[in-house]
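Here's the structure we're looking at; comments come further down.
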Amino acid sequence: MNNRYTKRTFLLEIVAIAMAIVFMIPFYFVLVNSVKPFAAILIDAAAWPEEFMFSNYARVWEIIQFPRAFMNSFIITTISNIGLVLISSMAAWKMVRTPGKFSKILFILFVSAMVIPFQTVMIPLMKVGGTLGLTNSIPGLILMYFGFGVPLSLFLYHGFVKTVPVEIEESAMMDGCSSFGVFWRIVFPLLKPITVTVVILNTLWIWNDYLLPLLVLQDAELRTIPLAASSFFAQYTKQWDMGLAALVLGITPVIIFFLFLQKHIIKGIASGSIK
(Lines give C-alpha, C1' and ligand atoms only; values in the text may rest on other atoms or scores of the structure.)
Protein backbone atom coordinates (compact mmCIF):
# COMPACT_ATOMS: atom_id res chain seq x y z
CA MET A 1 0.00 0.00 0.00
CA ASN A 2 2.74 2.42 0.95
CA ASN A 3 4.83 1.46 -2.07
CA ARG A 4 1.88 2.00 -4.39
CA TYR A 5 1.17 5.37 -2.80
CA THR A 6 4.82 6.35 -3.04
CA LYS A 7 5.02 5.43 -6.74
CA ARG A 8 1.81 7.35 -7.46
CA THR A 9 3.09 10.40 -5.62
CA PHE A 10 6.41 10.17 -7.44
CA LEU A 11 4.69 10.01 -10.84
CA LEU A 12 2.49 12.99 -9.98
CA GLU A 13 5.57 14.96 -8.97
CA ILE A 14 7.28 14.09 -12.26
CA VAL A 15 4.23 15.22 -14.22
CA ALA A 16 4.02 18.44 -12.19
CA ILE A 17 7.70 19.19 -12.81
CA ALA A 18 7.32 18.50 -16.54
CA MET A 19 4.30 20.82 -16.75
CA ALA A 20 6.19 23.51 -14.83
CA ILE A 21 9.08 23.29 -17.29
CA VAL A 22 6.69 23.59 -20.22
CA PHE A 23 5.06 26.68 -18.72
CA MET A 24 8.47 28.22 -18.01
CA ILE A 25 9.63 27.95 -21.64
CA PRO A 26 8.08 31.31 -22.69
CA PHE A 27 9.84 33.01 -19.79
CA TYR A 28 13.12 31.52 -20.97
CA PHE A 29 12.67 32.94 -24.47
CA VAL A 30 11.74 36.38 -23.12
CA LEU A 31 14.62 36.62 -20.65
CA VAL A 32 17.29 35.17 -22.94
CA ASN A 33 16.37 37.26 -25.97
CA SER A 34 16.04 40.46 -23.96
CA VAL A 35 19.84 40.49 -23.51
CA LYS A 36 20.74 39.57 -27.09
CA PRO A 37 21.55 41.79 -30.06
CA PHE A 38 18.80 41.92 -32.66
CA ALA A 39 20.81 39.89 -35.19
CA ALA A 40 21.37 37.06 -32.71
CA ILE A 41 17.63 36.80 -32.09
CA LEU A 42 16.98 36.39 -35.80
CA ILE A 43 19.67 33.71 -36.15
CA ASP A 44 18.56 31.49 -33.24
CA ALA A 45 16.01 32.71 -30.70
CA ALA A 46 16.41 29.60 -28.54
CA ALA A 47 20.22 29.75 -28.22
CA TRP A 48 21.98 30.93 -25.08
CA PRO A 49 23.40 34.44 -25.66
CA GLU A 50 27.07 34.64 -26.53
CA GLU A 51 27.19 38.09 -24.97
CA PHE A 52 24.78 39.66 -22.52
CA MET A 53 23.67 43.09 -23.74
CA PHE A 54 22.19 44.62 -20.61
CA SER A 55 22.42 47.92 -22.45
CA ASN A 56 19.09 46.93 -24.00
CA TYR A 57 17.42 47.72 -20.69
CA ALA A 58 19.15 51.10 -20.39
CA ARG A 59 18.05 52.08 -23.89
CA VAL A 60 14.48 50.94 -23.28
CA TRP A 61 14.39 52.87 -19.99
CA GLU A 62 15.12 56.09 -21.88
CA ILE A 63 13.17 55.45 -25.10
CA ILE A 64 9.80 54.66 -23.50
CA GLN A 65 10.44 56.91 -20.48
CA PHE A 66 9.83 53.95 -18.20
CA PRO A 67 9.43 55.89 -14.91
CA ARG A 68 6.50 57.86 -16.35
CA ALA A 69 4.86 54.76 -17.87
CA PHE A 70 5.40 52.90 -14.59
CA MET A 71 3.81 55.70 -12.60
CA ASN A 72 0.80 55.80 -14.93
CA SER A 73 0.29 52.04 -14.56
CA PHE A 74 0.81 52.26 -10.80
CA ILE A 75 -1.75 55.06 -10.36
CA ILE A 76 -4.35 53.37 -12.55
CA THR A 77 -3.90 49.96 -10.89
CA THR A 78 -3.84 51.28 -7.33
CA ILE A 79 -6.86 53.59 -7.55
CA SER A 80 -8.85 51.00 -9.53
CA ASN A 81 -8.13 48.37 -6.88
CA ILE A 82 -9.17 50.68 -4.04
CA GLY A 83 -12.43 51.55 -5.78
CA LEU A 84 -13.23 47.95 -6.69
CA VAL A 85 -12.60 46.74 -3.14
CA LEU A 86 -14.76 49.46 -1.58
CA ILE A 87 -17.65 49.22 -4.05
CA SER A 88 -17.74 45.43 -4.30
CA SER A 89 -17.35 44.66 -0.60
CA MET A 90 -20.06 47.09 0.50
CA ALA A 91 -22.46 46.03 -2.25
CA ALA A 92 -21.95 42.32 -1.57
CA TRP A 93 -22.46 42.77 2.17
CA LYS A 94 -25.67 44.72 1.63
CA MET A 95 -27.03 42.12 -0.80
CA VAL A 96 -26.30 39.23 1.56
CA ARG A 97 -27.68 40.95 4.64
CA THR A 98 -30.87 42.16 2.90
CA PRO A 99 -32.15 39.05 1.10
CA GLY A 100 -35.05 39.50 -1.26
CA LYS A 101 -36.06 39.53 -4.90
CA PHE A 102 -34.36 42.85 -5.59
CA SER A 103 -31.02 41.71 -4.14
CA LYS A 104 -31.26 38.39 -5.97
CA ILE A 105 -32.05 39.99 -9.33
CA LEU A 106 -29.32 42.59 -8.86
CA PHE A 107 -26.77 39.88 -8.03
CA ILE A 108 -27.79 37.83 -11.09
CA LEU A 109 -27.37 40.91 -13.30
CA PHE A 110 -23.86 41.52 -11.96
CA VAL A 111 -22.86 37.88 -12.41
CA SER A 112 -24.34 37.81 -15.92
CA ALA A 113 -22.17 40.77 -16.85
CA MET A 114 -19.08 38.58 -16.48
CA VAL A 115 -19.99 36.54 -19.56
CA ILE A 116 -20.42 39.55 -21.88
CA PRO A 117 -17.37 39.82 -24.20
CA PHE A 118 -15.62 43.17 -24.09
CA GLN A 119 -15.65 43.38 -27.89
CA THR A 120 -19.46 43.59 -27.93
CA VAL A 121 -19.47 46.78 -25.83
CA MET A 122 -16.24 48.28 -27.11
CA ILE A 123 -17.70 50.64 -29.71
CA PRO A 124 -20.68 51.83 -27.60
CA LEU A 125 -18.31 52.33 -24.67
CA MET A 126 -16.06 54.62 -26.70
CA LYS A 127 -19.04 56.61 -27.97
CA VAL A 128 -20.42 57.10 -24.47
CA GLY A 129 -16.95 57.78 -23.08
CA GLY A 130 -16.31 60.42 -25.72
CA THR A 131 -19.65 62.10 -25.00
CA LEU A 132 -18.95 62.20 -21.26
CA GLY A 133 -15.33 63.31 -21.69
CA LEU A 134 -13.85 60.10 -20.29
CA THR A 135 -11.49 59.39 -23.19
CA ASN A 136 -7.82 60.37 -23.17
CA SER A 137 -8.06 60.63 -19.39
CA ILE A 138 -6.65 58.48 -16.60
CA PRO A 139 -9.68 59.15 -14.33
CA GLY A 140 -11.96 58.11 -17.20
CA LEU A 141 -10.01 54.87 -17.67
CA ILE A 142 -10.19 54.15 -13.94
CA LEU A 143 -13.97 54.69 -14.00
CA MET A 144 -14.26 52.16 -16.82
CA TYR A 145 -12.23 49.65 -14.82
CA PHE A 146 -14.73 50.09 -12.00
CA GLY A 147 -17.51 49.04 -14.34
CA PHE A 148 -15.71 46.03 -15.81
CA GLY A 149 -14.16 44.84 -12.55
CA VAL A 150 -17.09 45.03 -10.14
CA PRO A 151 -18.96 41.87 -11.34
CA LEU A 152 -16.17 39.39 -10.55
CA SER A 153 -15.11 41.21 -7.37
CA LEU A 154 -18.70 41.35 -6.11
CA PHE A 155 -19.20 37.67 -6.90
CA LEU A 156 -16.19 36.69 -4.79
CA TYR A 157 -17.16 38.99 -1.92
CA HIS A 158 -20.76 37.79 -2.03
CA GLY A 159 -19.75 34.21 -1.37
CA PHE A 160 -17.28 35.14 1.35
CA VAL A 161 -19.68 37.40 3.27
CA LYS A 162 -21.93 34.37 3.80
CA THR A 163 -19.19 32.84 5.96
CA VAL A 164 -19.25 35.79 8.37
CA PRO A 165 -21.59 34.99 11.33
CA VAL A 166 -24.47 37.43 11.39
CA GLU A 167 -24.63 37.11 15.19
CA ILE A 168 -21.45 39.18 15.49
CA GLU A 169 -23.07 42.04 13.63
CA GLU A 170 -26.28 41.79 15.64
CA SER A 171 -24.31 41.96 18.89
CA ALA A 172 -22.50 45.06 17.71
CA MET A 173 -25.76 46.75 16.74
CA MET A 174 -27.23 45.94 20.17
CA ASP A 175 -24.24 47.73 21.66
CA GLY A 176 -25.14 50.85 19.67
CA CYS A 177 -22.91 50.44 16.63
CA SER A 178 -24.28 51.85 13.38
CA SER A 179 -24.49 49.89 10.12
CA PHE A 180 -21.53 51.86 8.82
CA GLY A 181 -19.53 51.04 11.93
CA VAL A 182 -20.50 47.36 11.82
CA PHE A 183 -19.20 47.00 8.29
CA TRP A 184 -15.89 48.84 8.73
CA ARG A 185 -15.06 47.74 12.27
CA ILE A 186 -16.27 44.14 12.19
CA VAL A 187 -17.12 42.81 8.73
CA PHE A 188 -14.44 44.35 6.53
CA PRO A 189 -11.47 43.15 8.67
CA LEU A 190 -12.89 39.62 8.42
CA LEU A 191 -12.89 39.92 4.63
CA LYS A 192 -9.09 40.15 4.46
CA PRO A 193 -8.49 36.77 2.70
CA ILE A 194 -10.91 37.51 -0.14
CA THR A 195 -9.78 41.15 -0.30
CA VAL A 196 -6.22 40.02 -0.96
CA THR A 197 -7.49 37.65 -3.65
CA VAL A 198 -9.54 40.39 -5.32
CA VAL A 199 -6.57 42.76 -5.26
CA ILE A 200 -4.22 40.18 -6.79
CA LEU A 201 -6.60 39.17 -9.57
CA ASN A 202 -7.48 42.75 -10.46
CA THR A 203 -3.83 43.83 -10.33
CA LEU A 204 -2.79 41.12 -12.78
CA TRP A 205 -5.64 42.13 -15.07
CA ILE A 206 -5.32 45.91 -14.94
CA TRP A 207 -1.50 46.08 -14.96
CA ASN A 208 -1.24 43.87 -18.06
CA ASP A 209 -4.32 45.19 -19.87
CA TYR A 210 -3.59 46.51 -23.34
CA LEU A 211 -6.84 46.93 -25.27
CA LEU A 212 -8.80 49.26 -23.00
CA PRO A 213 -5.90 51.72 -22.41
CA LEU A 214 -5.20 51.62 -26.15
CA LEU A 215 -8.77 52.72 -26.86
CA VAL A 216 -8.99 55.34 -24.12
CA LEU A 217 -5.52 56.91 -23.87
CA GLN A 218 -4.16 58.73 -26.93
CA ASP A 219 -1.48 61.04 -25.49
CA ALA A 220 2.02 59.58 -25.16
CA GLU A 221 2.32 61.08 -21.66
CA LEU A 222 -0.58 58.92 -20.47
CA ARG A 223 0.69 55.60 -21.81
CA THR A 224 0.82 52.60 -19.51
CA ILE A 225 3.65 50.04 -19.63
CA PRO A 226 1.94 47.69 -22.14
CA LEU A 227 1.24 50.63 -24.47
CA ALA A 228 4.80 51.92 -24.13
CA ALA A 229 6.25 48.47 -24.86
CA SER A 230 4.07 48.11 -27.97
CA SER A 231 5.80 51.12 -29.51
CA PHE A 232 8.65 48.81 -30.55
CA PHE A 233 6.34 46.82 -32.83
CA ALA A 234 5.06 48.79 -35.82
CA GLN A 235 3.69 47.59 -39.16
CA TYR A 236 7.12 47.27 -40.80
CA THR A 237 9.41 47.27 -37.78
CA LYS A 238 9.87 44.60 -35.12
CA GLN A 239 12.50 45.60 -32.56
CA TRP A 240 12.53 42.33 -30.67
CA ASP A 241 15.60 43.15 -28.59
CA MET A 242 14.05 46.38 -27.30
CA GLY A 243 10.52 45.02 -27.07
CA LEU A 244 11.47 41.98 -24.98
CA ALA A 245 13.57 44.11 -22.63
CA ALA A 246 10.59 46.42 -22.19
CA LEU A 247 8.40 43.39 -21.51
CA VAL A 248 10.74 42.17 -18.76
CA LEU A 249 10.75 45.61 -17.14
CA GLY A 250 6.97 45.71 -17.29
CA ILE A 251 6.20 42.28 -15.84
CA THR A 252 8.85 42.28 -13.10
CA PRO A 253 6.90 44.48 -10.59
CA VAL A 254 3.68 42.50 -10.92
CA ILE A 255 5.49 39.14 -10.67
CA ILE A 256 7.16 40.25 -7.44
CA PHE A 257 3.78 41.43 -6.16
CA PHE A 258 2.17 38.11 -7.08
CA LEU A 259 4.90 35.99 -5.47
CA PHE A 260 4.52 37.80 -2.16
CA LEU A 261 0.74 37.35 -2.04
CA GLN A 262 0.09 34.14 -4.01
CA LYS A 263 -0.59 32.05 -0.89
CA HIS A 264 -3.79 33.99 -0.30
CA ILE A 265 -5.29 33.27 -3.74
CA ILE A 266 -6.44 29.67 -3.27
CA LYS A 267 -7.64 30.32 0.28
CA GLY A 268 -9.69 33.34 -0.70
CA ILE A 269 -11.20 31.86 -3.87
CA ALA A 270 -12.08 28.57 -2.16
CA SER A 271 -13.75 30.34 0.76
CA GLY A 272 -15.63 32.74 -1.51
CA SER A 273 -16.85 30.41 -4.26
CA ILE A 274 -17.77 27.22 -2.39
CA LYS A 275 -20.16 28.84 0.07
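The values are calculated or read from the model by the stated rules, or taken from the named source; none is laboratory data. Everything numeric in this text was worked out from a predicted model, so none of it was measured. Every residue, glycine among them, receives a Cβ derived from its backbone with ideal geometry; neighbour counts consider all protein chains shown. Note: areas computed on protein heavy atoms with side chains; ligands, DNA, RNA excluded. Shrake-Rupley method; radii C 1.70, N 1.55, O 1.52, S 1.80 Å.
See the values below:
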item	result
Where labels lie 7 Å past Cα in the beta-carbon direction, separation of F257 and D175 in nm	3.5
Estimated vicinal HN-Hα couplings, Hz - region 53-67 in sequence order (Karplus 6.51, -1.76, 1.60; Gly, Pro = x)	9, 6, 5, 4, 5, 5, 5, 4, 3, 7, 5, 8, 6, 3, x
Among I105, I41, F180 the positive-end extreme of the charge dipole of the chain (Cβ point charges)	I105
Estimated dipole of the chain in Debye, rounded to 20 [Cβ of Lys and Arg +1, of Asp and Glu -1, Cα centre]	900
Estimated FRET transfer efficiency when R0 is 45 angstrom, pair L109-R185 (beta carbons, to 0.05)	0.90
Check: region 118-257 dipole with +1 on Lys, Arg Cβ and -1 on Asp, Glu Cβ, in debye	300
Accessible surface, the chain, averaged per residue in Å² (probe 1.4 Å)	60
Of Q218, N72, V121, farthest towards positive along the dipole that unit charges on Lys, Arg, Asp, Glu beta carbons give the chain	V121
Residue-by-residue Karplus 3J(HN,Hα) for region 140-149, coefficients 6.51, -1.76, 1.60, Hz, glycine and proline x	x, 5, 4, 4, 5, 5, 4, x, 7, x
Percent carbon-and-sulfur accessible area, the chain, ignoring ligands, DNA and RNA, probe 1.4 Å	71
10 Å Cβ shell holding at most 12 others, DSSP loop, chymotrypsin sites (Phe, Trp or Tyr not before Pro): longest site-free stretch of the chain	55-235
Loop-exposed GluC sites (Glu not before Pro) per DSSP, neighbour cap 10 Cβ within 10 angstrom, longest uninterrupted part of the chain	52-275
Count of lysine pairs in the chain with Cα separation under 27 Å (8 or more residues apart, or interchain)	21
Alpha-carbon radius of gyration plus Dmax, which is the widest Cα pair, for the chain in Å	23.2, 74
Kirkwood-based shape ratio for region 54-185, expressed as Rg/Rh from alpha carbons	1.12
